[in-house]
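The values are calculated or read from the model by the stated rules, or taken from the named source; none is laboratory data. Predicted model only: the values in this text are computed from it and were never measured. Cβ: placed from backbone, ideal geometry, glycine included. Neighbour counts: every protein chain shown. SASA here: full protein model, heavy atoms, side chains in, ligands and nucleic acids out. Shrake-Rupley method; radii C 1.70, N 1.55, O 1.52, S 1.80 Å.
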Amino acid sequence: MIPYIPERLNADEQRRRALAFYQEMDERRSVRFFSDDPVPRDLIDQAILTASTAPSGAHRQPWTFVVTGSVDIKRQIRLAAEEEEKVNYDGGRLPEHWREALEPLGTDWRKPFLETVPWVVVMFEQRYGIGADGSRVHNYYVKESAGIAAGMFIAALHHMGLATLTHTPSPMAFLTTLLGRPENERPFCMFPIGYPAADCVVPDLKRKALAEVAVEVE
């Protein structure tokens, strides 16, 4: 154990920081129309490092971020993702109520942004770890840990002025094969990353009010 003595802020500074961070994050939107303008590779690394500060079960950090800017690999990812998504949207794999929920977002099986963006990052959850001797190491609260890290990754990207989308084509097993990942890893989420296109539009979403998402119990 080591000492942990962070600076204790006064209430006014806490409120100032809280409001500033909320206002910044409230401007975040999931983007489906990207520019092909280049993004420095080190920015992606920095966002991954930030994500990796997330808490995790027994501090196992059960995630792997796979980064690609390869034109060929992005093309393969798009084709494979669209093949699965076409079955979802047009082949009836998605139930009617799900398609109705997605309709206001204007999404369909076409995913051209997977080739437009300079970077695609696929986050894999490590179902179990591999010890130095090759033995299986148990990981704890894998999905919860990966979900927290994914959220911090998104926040880091937005904070540096980049846009992304949480894309989860279902099923995602093709990503394991295409990206050459080991058996203990499973795709968790795919993030196309770049700048919004000049003509980018997003749904006019309204977020729930505090009273709709928070309850105090006395």
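With the condition being at positive phi, I'd like the helices (runs of 4 or more DSSP H) fully within the stretch 10-102 carrying at least 2 qualifying residues. Of the helices (runs of 4 or more DSSP H) lying wholly inside the stretch 10-102, none has at least 2 residues that are at positive phi.
Here Ala211 fulfils each of the conditions (1) touching a helix residue (DSSP H, G or I) at 6+ places or on another chain (Cβ under 9 Å); (2) of a type outside the set (S, T, N, Q); (3) farther than 27 Å from Arg93 by Cα apart from (1).
Residues in the stretch 49-64 that are within 16 Å of the chain's Cα centre (by Cα) and open to solvent by less than 30 Å² (accessible area, probe 1.4 Å): Ala51, Ala54, Pro62, Trp63, Thr64.
A Cβ distance below 6 Å, combined with a sequence gap of six or more or placement on separate chains, defines the contacts here; from the stretch 132-159, residues that are of a type in the set (Val, Ile, Thr) reach residues that are at pLDDT 95 or above and surrounded by 14 or more Cβ atoms within 10 Å (Cβ to Cβ) in the pairs Val137/Gly129; Val142/Pro62; Val142/Glu125; Ile148/Ala54.
When restricted to residues that are open to solvent by less than 100 Å² (accessible area, probe 1.4 Å) and either within 16 Å of Arg207 (Cα to Cα) or not acidic (Asp, Glu) (or both), the stretch 24-38 contains 10. Of all residues in the stretch 84-99, those that are farther than 16 Å from His167 by Cβ and among the acidic types (Asp, Glu) have Cβ atoms under 9 Å from Cβ atoms of residues that are surrounded by 11 or more Cβ atoms within 10 Å (Cβ to Cβ) and at pLDDT 80 or above, 6 or more apart or on another chain, in Asp90/Asp108; Asp90/Trp109.
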